[in-house]
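Below is one structure; the comments refer to it alone.
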Amino acid sequence: MQSMTRRSLLSVGAAAGVGAALGIRPALAGDSALYEAAKAEGELNLYWGSYEQKTIDELIAAFTARYPGIGVNLLRQASQTVYTRLRLEMDNDAVQCDSLGTTNVLHYNELKSLDALRPYKPAAAEMIPEAFRTLDPDGLFHVGAISLICINRSASVEGPKSWAEMVGGGFAGEISCGSPAHSGDVAHWTVAMLAKFGEDFLRDFAAQKPKIGQSSVDSVTDILAGERTVGASAPYSYTLTQKAAGNPIDVTMPSDDAILNLGITGIPAKAPHPNAGQLFNEFLYSPEASQVLVANNWPSLRSDVPWAGGLSLDQIGWYRNPAEGLTEAMAEAIEKWKDIVA
Amino acid sequence: MSDIRIKGLNKTFGTYQALRNLNLDLADGHLLALLGPSGCGKSTTLQMLAGFEAPSSGEIWAGDRLISSPTSVVPPEKRGISLVFQNYAVWPHMTVAENIAFGLKIRRLSRSEVAEGTRAALDAVRLGQLADRYPSELSGGQQQRVALARALAVRPGILLLDEPLSNLDAALRDEMRFEIRRVHDELGITTVYVTHDQSEALVTADRIAVMKLGELQQLGAPEEVFDRPANEFVASFIGNNNTVPGISAGKGALRFGGETVTALDRSGAGEGGGAVLIIRPGKIRLYEEGTAPAGLANALPATVLRSAYLGESRDILAELATGATMRVLVPPEQRPAPGDRVVLELPAAHCQILPGG
Amino acid sequence: MTSQPRPALSGIIGHNLPRWLVLTLVTLALLLLVAHPLGWILWNSFHDDSTKELTLGNYQRMFTRPSLWIPIVNSLLLAFSVALFSTLIGVPLAWLVARTDMPGRGFIRAMTMTAFVTPSFIGALGWILLAAPRAGWLNVGWRNLTGAEGQLLDIYTMTGTIFVCAIYTVPYTFALVASAFDEMAVELEDAATTLGAGKWRTMLSITVPLASPAFLVGFILSFIQGMTLFGVPAFLLTPSGTRVVTTQLAEFYQLFPPEIFLAAAYCMPLLIVTAGLFWIRRRILGRRQFTTIGGKTRRTRRIALGARARWLGFAFAMIVPVTAVILPFAALLLVSLSKAWGMGPVSGNFTLDWYRWALLENGETQRAIVNSLLYAGIAASVCMLLGVVVAYISERRLFSGAAILGALATTPIIIPGIVLSVGFFSAYTRPPFGFYGSAVLVIAAFVATFLPIAYSQGTTTIKGISPDLERAARSVGAGEIRTFLSITAPLMRTGLVSGWLLVFIPIMRELSVAIFLVSPKTNVMTTLIYNYKDGGNYEAVAATSVVLLAGTLVIVLLARLLVGQGSRRTRKTPTTDSAA
């Protein structure tokens, strides 16, 4: 099995390709104690729900190009699914995960209360946008992705300009949406909509007869298939990536604020390869990782690297759910969703 | 080689008693036929001899070795007992030679010993030229020879044959039963032969054990069983004896209605007690009414019910005054028709009186 | 040959040592594979998710909350409909192929086999492309053709789900019933014909009743499929907010916090219903269930349908090939060859990149291909070995109580994959086992899931081999183990290979057992495809699905070829026991 593990997630050729494209030079073993320790561990198991397949593949390729000698294994499933996996592993004292990346801050609150996270302070912390620099005073979890939730639409239609317009009646039967029970992004969006507009929003939304999938990317699928023309709680970056690939789809930044959901990442206390996990998590704040993110239309995690199209956080209107009481707000939002929408 | 001693053998399956208190000795080198209709316990006995079933009580000894008892059964492969099956059970995925060599290879013999043993067994059943054939290319009789050769090749102390000829057609059956006897005479292996066919038993066996409903009826040499059946069942099963119930008229005499017949009395019945007269159909003489010599002894009047022409003879069914029926084989020149009144002469020398059923 | 007397007791142990060894190993394997995980499910179901305390609360909640019993009702509806339709399609299909002169019989058999090889959730993906209410290609085509508004088909409905489940379940019914027809002795029908019955009358009063046990078994197996399928309802019923038991179970796992013990309790109705079905089958069929309808000739006579009926029959027989193979795979193939599938099949959108990506560039796909083949190969072999040995022990009644082993080996058939995987998770991730994340866990779960198939294949095969063939070997001096290896095993070869395929194929397409047990390193093709779908990458999903199907078909063909060559010699020989 060893040779297969070593083959890593991406074949050596692909990793070298991405590395060359980004001009990444391998770090030398002597560069840092962390790399040294990670290399000794030799392997890394990522449980990630943030970033879609292609982006995370390229992040890993860039990581492997920068830090040769560490085999990366990826479990990319929905945020709730990877979290459940980790919890089952913890219950059975069989933790495999070295880096958890999900879009739900509640996971980390719970892990923190269970004393199940390993603290670390990223070396490049000062490069992280200030608003997200210290998510946890104890350094148990950090920002892993900036996820913007907006409206997407078929390139052939105008679509709503705001959340309010979306539920106004002009788009009945046209809307596709994920489910808050399945997706952290959609859950955040639901909480934000309830906070901004109250329960009436959900009632109005339900009246539009939306098609409910699971993940937030289901809206992209439905629009590309021509099944629906408008996506609520739509993933900003993934939609743009599909657009870039030539698909007839586009994004609308709602005038009443895009919803910002942070992807969070942390290292389980019982991770089998904690140093490799930390090395990867810190790599997310490197210029190389930023390049990958920008190339895939994701907001970079460095304040000195602008997004694709020259955008940055201060140029758009955004809203983020307050961390206090989020657990209850989330549970309530899911209940209300089940009662009112599906 | 070894003798077989069966002591007080019983076998029950659930509430069904397949075998009751079987006691049987077979001398070394003899061929015993276990004869009886289905359900008589002969196959059960064979399964226990082979070691596939454990007795419920009793013992089986081979020579000085206890091979079966309720607490200990030497497994089939350790008994030195070979078994030949009714359905041949020749392994379809092996050639004739491979089938025969199998048992020899198990014994870790050298290559040349295996080849030699195989050749000898093939020759013994005269199949030498078919060594490389697959069983699917052989006739039933040839397959049965393979099965026999396979069983003999390992030089068993005892050979068991389970209705080996019943799947063969009549002509082959005749040929094979002489063949089995010939092989037995050549090799002298103690053999138990299970069959329901009396002619097979008579031709092949040194000793015949007649069984019925799990019980041994008679054990003896073929002539003994044939000529002096122990009871009515043996009499009718072997030699197709007529069995006619009558009333004892004193030692050596049996009354049928108004007529009395004298015969060898082996019944021990007292006067007035019930007994059975046995006589084979071929021993009876038939006279058309009025043609019987005067003063004919042991003569019974009867009416012909059926007459069938068999070529060599004529098979007559006749009804006595008592209502009992008898089969009579007469020369084909005699032509009694159904309804004819006839007289049957039962020569005293061929008549026996047995205890009544 | 030693002929000295032995002491009785040591004799018994000495002679039976291999036998006890095998029995102990087999019993241990069955306990570990079946009883242990099931025990954990039961145990967990009586515990509270948050307090971890002993409680009946899970069961209480299940019956008092409508949101929890509605999925059970939905599952029953789905399962019954799937069973009904796959019987209604599968039985006539089997008859047409096995007993008539319908054209294209070999083609239909092959296509039905291909449908069998296809994971149903991949079929569902294909059907989403075809029959999504607005964008589905069939709906678009229909609108263009008729100028009508609205849609012809809507796959996101219970009807759509039943349809997709049914077309991928038909192969089970077909296989069972067709083999009953294939093996039926022609004399039984001739007897009716000579008494003056016409060919149709003979079919209705002799052929069909004789094959009817196979209908029943097919119905029950289809019902269980309908109860236990996960991927199809997950993809097709989620959009309308309809839940069935399996998707509800998955939701318990995805809730925050997950309700794993409630999920364990939630499995119980499923277990009870499927167990009940098997009990009913036993009651109805009794010991008939495995009886081959034997006769000497295995050649069957085909019914001449007449020119019109032949082609009508052919049209009917094409339902499964068209709906389960040709249409969905055409759709998937088209998507997999697109640069961006949203652009549709226009020039300039064609590319082979996704295949290059899947086969050459993406290490994850490569690993999953290797894993799938490796795990399915190992698991199918272990499964057959275990299944055959258990079948042998219980068929030849080597021990009193051997039937219990058989029952244990059959049990997993009533356990939905998703439930079994939960049990395996609980049983083998904690010390002293700690198999989590290892291939052993995935393989063991596959073995357990498909043990019933292996066991029943083993039983059928062994029933075809007269015990006298073994006794003959014993009587010339071979021990039990040697007899099994030199006589029984070689004679079972053909049966073993086809049994192996019958286990290998479902493992290749199994999703629900694997989904909670795989780790990044032990990902298999199906879980990978499921995850890709989760990530919205349709081109990758389509390309990987096509690769999975192609790969499985290649293995199936190779194995067929292998058996075909080896078995000619021995096939003619009757190995069945004559009445004794």
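The values are calculated or read from the model by the stated rules, or taken from the named source; none is laboratory data. Quick caveat: nothing in here was measured; it's all calculated off a predicted structure. Cβ: placed from backbone, ideal geometry, glycine included. Neighbour counts: every protein chain shown.
Can you find, within region C:434-448, the residue that is farthest from A:MET90 (Cα to Cα) among those that are among the aromatic types (Phe, Trp, Tyr) and at the interface with chain A (Cβ under 9 Å from one of its Cβ atoms)?
C:PHE435
Of all the helices (runs of 4 or more DSSP H) wholly in region A:45-164, which have at least 2 residues that are modelled with pLDDT under 90 and hydrophobic (A, V, I, L, M, F, W, C)?
A:79-91, A:105-113
Exactly one of these conditions fails for B:PRO281: (1) surrounded by 16 or more Cβ atoms within 10 Å (Cβ to Cβ); (2) over 25 Å from the mean Cα position of the chain (by Cα). Give me its number.
All conditions pass for B:PRO281, except number (2).
How many residues, within region C:96-115, are small (Gly, Ala, Ser) and not in a helix (DSSP H, G or I)?
Residues meeting the conditions: 1.
Quick one: in region C:47-93, of everything that is among the polar types (S, T, N, Q) and outside any helix (DSSP H, G or I), which residue is surrounded by the most Cβ atoms within 10 Å (Cβ to Cβ)?
So the residue we want is C:THR55.
Would you check if there is a residue in region B:205-219 being free of Cβ contacts under 8 Å to residues at least 60 places away in the same chain and either surrounded by fewer than 18 Cβ atoms within 10 Å (Cβ to Cβ) or hydrophobic (A, V, I, L, M, F, W, C) (or both)?
Looking for residues that are free of Cβ contacts under 8 Å to residues at least 60 places away in the same chain and either surrounded by fewer than 18 Cβ atoms within 10 Å (Cβ to Cβ) or hydrophobic (A, V, I, L, M, F, W, C) (or both), one finds none in region B:205-219, hence no.
Does region C:453-487 hold any residues that are assigned to a helix (DSSP H, G or I), of a type in the set (Val, Ile, Thr) and under 17 Å from B:PHE85 (Cα atoms), and which are they?
C:THR483, C:ILE487
Looking at (1) crowded, with 23+ Cβ neighbours inside 10 Å; (2) touching a residue at least 24 places away in the same chain (Cβ under 8 Å), which is the one condition that is false for A:GLN242?
Evaluating A:GLN242 over (1) crowded, with 23+ Cβ neighbours inside 10 Å; (2) touching a residue at least 24 places away in the same chain (Cβ under 8 Å) leaves (2) as the failure.
Quickly run through region C:534-548 and pick out the residues that are more than 9 Å from every other protein chain (Cβ to nearest Cβ) and farther than 14 Å from C:ALA331 by Cα.
Residues satisfying the conditions are C:VAL547, C:LEU548.
For region B:212-227, state whether one or more residues are of a type in the set (A, V, I, L, M), over 12 Å from the mean Cα position of the chain (by Cα) and in a loop (DSSP other than H, G, I, E, B).
Checking region B:212-227: at least one residue is of a type in the set (A, V, I, L, M), over 12 Å from the mean Cα position of the chain (by Cα) and in a loop (DSSP other than H, G, I, E, B).
Looking at (1) within 19 Å of C:ALA473 (Cβ to Cβ); (2) among the small types (Gly, Ala, Ser); (3) without any contact (Cβ under 8 Å) to a residue 12 or more places away in the chain, which is the one condition that is false for B:ALA121?
Of the numbered conditions (1) within 19 Å of C:ALA473 (Cβ to Cβ); (2) among the small types (Gly, Ala, Ser); (3) without any contact (Cβ under 8 Å) to a residue 12 or more places away in the chain, the odd one out for B:ALA121 is (3).
What is the number of the single condition among (1) without any contact (Cβ under 8 Å) to a residue 60 or more places away in the chain; (2) within 11 Å of chain A (Cβ to nearest Cβ); (3) of a type outside the set (Asp, Glu) that C:PHE425 does not meet?
Only one criterion is unmet by C:PHE425, namely (1).
With in contact (Cβ under 8 Å) with a residue 12 or more places away in the chain, closer than 14 Å to C:LEU23 by Cα and either more than 13 Å from chain A (Cβ to nearest Cβ) or not basic (Lys, Arg) (or both) as the only criterion, which of C:ILE393, C:ILE418, C:ILE414 stands out?
That would be C:ILE393, the only listed residue that is in contact (Cβ under 8 Å) with a residue 12 or more places away in the chain, closer than 14 Å to C:LEU23 by Cα and either more than 13 Å from chain A (Cβ to nearest Cβ) or not basic (Lys, Arg) (or both).
Would you please list the contacts, defined by Cβ atoms under 7 Å and residues six or more apart or on different chains, that run from a residue in region B:237-257 that is under 14 Å from B:ILE279 (Cα atoms) to a residue that is among the acidic types (Asp, Glu)?
From residues that are under 14 Å from B:ILE279 (Cα atoms), the pairs are B:THR243/B:GLU232.
Within region C:474-495, track down each residue that is closer than 18 Å to C:ARG397 by Cα, of a type in the set (Gly, Ala, Ser) and out of contact with any Asp or Glu (no Cβ under 6 Å at 6 or more places or on another chain).
Of everything in region C:474-495, just one residue is closer than 18 Å to C:ARG397 by Cα, of a type in the set (Gly, Ala, Ser) and out of contact with any Asp or Glu (no Cβ under 6 Å at 6 or more places or on another chain), namely C:ALA489.
Test B:LEU19 against the stated conditions and say whether it is surrounded by 23 or more Cβ atoms within 10 Å (Cβ to Cβ) and either of a type in the set (S, T, N, Q) or not in a helix (DSSP H, G or I) (or both).
yes
Helices (runs of 4 or more DSSP H) wholly in region C:303-384 with at least 2 residues that are within 14 Å of another protein chain (Cβ to nearest Cβ), touching a residue at least 12 places away in the same chain (Cβ under 8 Å) and closer than 24 Å to A:ALA244 by Cα - which ones?
Qualifying helices (runs of 4 or more DSSP H): C:327-336, C:353-356.
Go through region C:469-481 and give me each residue that's within 7 Å of chain B (Cβ to nearest Cβ) and surrounded by fewer than 22 Cβ atoms within 10 Å (Cβ to Cβ).
Within region C:469-481, C:ARG471, C:GLY479 qualify.
Condition first: small (Gly, Ala, Ser), over 13 Å from B:LYS11 (Cα atoms) and more than 7 Å from every other protein chain (Cβ to nearest Cβ). Now tell me which residues in region B:57-83 satisfy that.
Answer for region B:57-83, where residues must be small (Gly, Ala, Ser), over 13 Å from B:LYS11 (Cα atoms) and more than 7 Å from every other protein chain (Cβ to nearest Cβ): just B:ALA62.
So in region C:252-295, with the set limited to residues that are more than 24 Å from the chain's Cα centre (by Cα) and modelled with pLDDT of 75 or more, which one is farthest from C:ILE413 (Cα to Cα)?
C:PRO258
Just the residues that are in a loop (DSSP other than H, G, I, E, B) and at pLDDT 85 or above, please, taken from region C:519-531.
Matches in region C:519-531: C:ASN523, C:VAL524.
Just checking, which of A:ASP200, A:ASP185, A:ASP222, A:ASP204 is at pLDDT below 90, more than 20 Å from the chain's Cα centre (by Cα), not aliphatic (A, V, I, L, M) and not in a loop (DSSP other than H, G, I, E, B)?
From the options A:ASP200, A:ASP185, A:ASP222, A:ASP204, the qualifying one is A:ASP222.
Working only within region A:165-182, note down all residues that are assigned to a strand (DSSP E or B) and hydrophobic (A, V, I, L, M, F, W, C).
Of everything in region A:165-182, those that are assigned to a strand (DSSP E or B) and hydrophobic (A, V, I, L, M, F, W, C) turn out to be A:ILE175, A:CYS177.
What is the number of the single condition among (1) touching a Phe, Trp or Tyr at 6+ places or on another chain (Cβ under 8 Å); (2) at pLDDT 90 or above that B:ARG327 does not meet?
Failed condition: (1).
Among (1) in contact (Cβ under 8 Å) with a residue 40 or more places away in the chain; (2) away from every other protein chain (no Cβ under 12 Å); (3) touching a Lys or Arg at 6+ places or on another chain (Cβ under 7 Å), there is one condition A:THR229 misses while meeting the rest; what is its number?
Unmet condition: (2).
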